[in-house]
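Undergrad: This is the structure, below, for whatever I ask next.
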Amino acid sequence: MTGIRSVRARGRAPAWAAGVLAALLAGCTVAPPVPTSTSPASGASGSAPATTPATASPPSPSATPTPTATPTDGQVCLAEAEAMSLAEQAGQLVMVGVSGDLDATERKAITKYHLGAVILMGTSQRGVAKTATLTSRLQKLDVPAGVLIGVDQEGGLVQRLKGQGFDTILSAAKQAKLDRDELLAKATRWGGQLAKAGVQLNLAPVADVVPKANLKTNEPIAKLGRGYGTDPEAVAAKVETFIAGMHAGGVGTAVKHFPGLGAVKGNTDFATRVVDSTTTADSPLLGPFRGAVQASSPTDAVMVSSAVYTKIDGKHQAMFSPAVIGILRDWGFDKVVISDDLGAAKALSAVPAKQRAVRFVAAGGDLAVTVDTALAGPMATGLVERARSDAGFARQLTAAAARVLALKQSYGLISCR
């Protein structure tokens, strides 16, 4: 495709990773990863940072320089997204589940619908080397802009990739007991293992704060040991350290499950309707998420839950709520917003398959997840059909695709120019 250069070297940490680790260990402030392109794509609304021109005489002291904005993630690959067909743009916005060794049905769905992202499902004992073989096969599929490969590698009960070369990762509840340097070192090692296996995005860490009153009743987080604790500030510190370690290891993160599942009882994977009736847009429980998106080494993506938050938007599930996703954008987050599962989760059972990704993108989301391969095609098709009939939605589709492409660029899958 014109304007996007595929990068074939897989499984290596981005060039910025070593610098991130060195600065972290030295206790310095770390800048977020910088996309590999040194200038914005033509047609993007931003421009490169201004440089002082070589002139014979300095500018007049009275002159006021015009500030030049650094392109956001939604701008750096905009021209590349615009060059794609609607079907290719839609494909960038669907992350489909792959279990085992990539069967014929999964392969056909990915290539037919131009799907640009995969989540590795199941609990695998294949180890790093065999996982790298699988991810290499995925990268050789004929799809635009490579395949972004993600996995749930939180630790504890939620660790998809195991076997030779993968450490057994502590649960978040146990990670919380480590001091900062210990957690940083371990997360860096875990991230490096994922990068070596050809994974670019870890769908972790969990930033949900479980209030003390909910510890015995909270099914999705507390009962599974997936949370870092009950104090928002303490949770935020652990979340930011985990993210920084993953970055130093060469892997991105998707912090979850915004705006938090700590104050609910039911699990959205198994319950048709999960409601949070207490969390507000300015609740302290959102602190770890805000810290993650505004940190010196910010998260690459934020996963939005499928619960309903009546004090924020009682009419829509969070992933379909402009009010919920709007909180992230109001914080200045212009990276990828990813959905919790839109495929097999019971909380989505009443929503037609073709409408699931459409409603998510219309609300401001970018990357729709379905672990059910059979729903990937209808979701991508739904996006195309809506874009053909709605010019405003078509613009949203393009902008979301640009953000996904920028994430791919950050991890060496493509180069936008």
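Undergrad: Mind ranking R180, R395 by accessible surface for me, highest first, 1.4 Å probe?
TA: Largest accessible area first, the residues go R395, R180.
Undergrad: Note down the nm distance, to one decimal, between modelled labels 7 Å out along Cα→Cβ at A391 and at E233.
TA: A separation of 5.2 nm, rounded to one decimal place.
Undergrad: Right, another one. At a Förster radius of 25 Å, what calculated FRET efficiency corresponds to the Cβ-Cβ distance of A374 and T168, to the nearest 0.05?
TA: Efficiency at R0 = 25 Å is approximately 0.15.
Undergrad: Along Cα→Cβ, 7 Å out, is where each label goes; now give me the distance between the ones at S99 and R273 in nm to one decimal.
TA: 2.9
Undergrad: Still on this structure, please answer the following. I'd like the accessible area for E219, computed on protein heavy atoms only with a 1.4 Å probe and all protein chains in place. Round to 10 Å², please.
TA: Using a 1.4 Å probe on the heavy atoms, I get roughly 90 Å².
Undergrad: By how many nm would the segment from K130 to A344 lengthen if fully extended, with 0.36 nm per residue of separation less the alpha-carbon distance?
TA: Extending this stretch completely gives an extra 74.4 nm.
Undergrad: Checking the table K223/K315; K238/K346; K174/K212 against a 19 Å threshold on Cα-Cα, which pairs fail?
TA: Values: K223/K315 28 Å; K238/K346 30 Å; K174/K212 17 Å.
In this structure, K223/K315; K238/K346 exceed 19 Å between Cα atoms.
Undergrad: Show me the ranking of peptides 234-242, 327-335 by mean Cβ neighbours inside 10 Å, starting with the highest.
TA: 234-242, 327-335
Undergrad: If I compute solvent accessible area with a 1.4 Å probe over the protein chains, what percent of it on the range 105-188 is carbon and sulfur? Kindly include the intermediate steps, with their values, before the conclusion.
TA: Details: 1840 of 3700 Å².
Reported share for carbon and sulfur atoms: 50 percent.
Undergrad: Can you work out the accessible area per residue across the range 162-237, with the rest of the protein chains kept in place, probe 1.4 Å, in square angstrom?
TA: For the range 162-237, the solvent-accessible area averages 45 Å² per residue.
Undergrad: For the range 76-153, with every protein chain kept in place, what is the accessible area per residue (1.4 Å probe, Å²)?
TA: For the range 76-153, the solvent-accessible area averages 35 Å² per residue.
Undergrad: Right, here's the next one. Using 0.36 nm times the number of residues separating K311 and R137, minus their current alpha carbon distance, what extension gain do you get?
TA: 58.1 nm
Undergrad: Whole angstrom only: what separates the Cα centroid of the range 102-155 from the Cα centroid of the range 275-338?
TA: What the calculation gives is 28 Å, centre to centre.
Undergrad: Here's another thing I want to ask about it. Relative contact order for the range 83-241: what percent, with Cα pairs under 8 Å and sequence separation of 6 or more? It would help to have the intermediate numbers written out before the result.
TA: Numbers: 265 pairs, mean separation 32.6, N = 159.
For the range 83-241, the relative contact order is 21 percent.
Undergrad: Could I ask something else about it? What full-extension length gain, to one decimal in nm, is calculated for L157 and A83 as 0.36 nm per residue of separation minus the Cα-Cα distance?
TA: 22.4 nm
Undergrad: Another question, then. Classify the range 276-348 as rounded, prolate or oblate, taking a ≥ b ≥ c as the square roots of the eigenvalues of its Cα gyration tensor: rounded when a/c is under 1.5, otherwise prolate if a/b is larger than b/c and oblate if not. All intermediate terms of the calculation are to be shown ahead of the outcome.
TA: Numbers: a/c = 2.03, a/b = 1.31, b/c = 1.55.
In terms of gyration-tensor shape, oblate.
Undergrad: What base-10 log of the normalised intensity I(q)/I(0) is obtained for the range 284-417 from the Debye formula, alpha carbons as equal point scatterers, at q = 0.10, 0.14, 0.21 Å⁻¹?
TA: Per q value, in the given order, log10 I(q)/I(0) is -0.33, -0.65, -1.37.
The values are calculated or read from the model by the stated rules, or taken from the named source; none is laboratory data. Being a predicted model, the structure only gives us computed values, none of them experimental. Note that each Cβ is placed from the backbone with ideal geometry, even for glycine, and that neighbours are counted across all protein chains shown. Note: accessible area is taken over every heavy atom of the protein model, side chains too, but ligands, DNA and RNA are not part of it. Shrake-Rupley method; radii C 1.70, N 1.55, O 1.52, S 1.80 Å.
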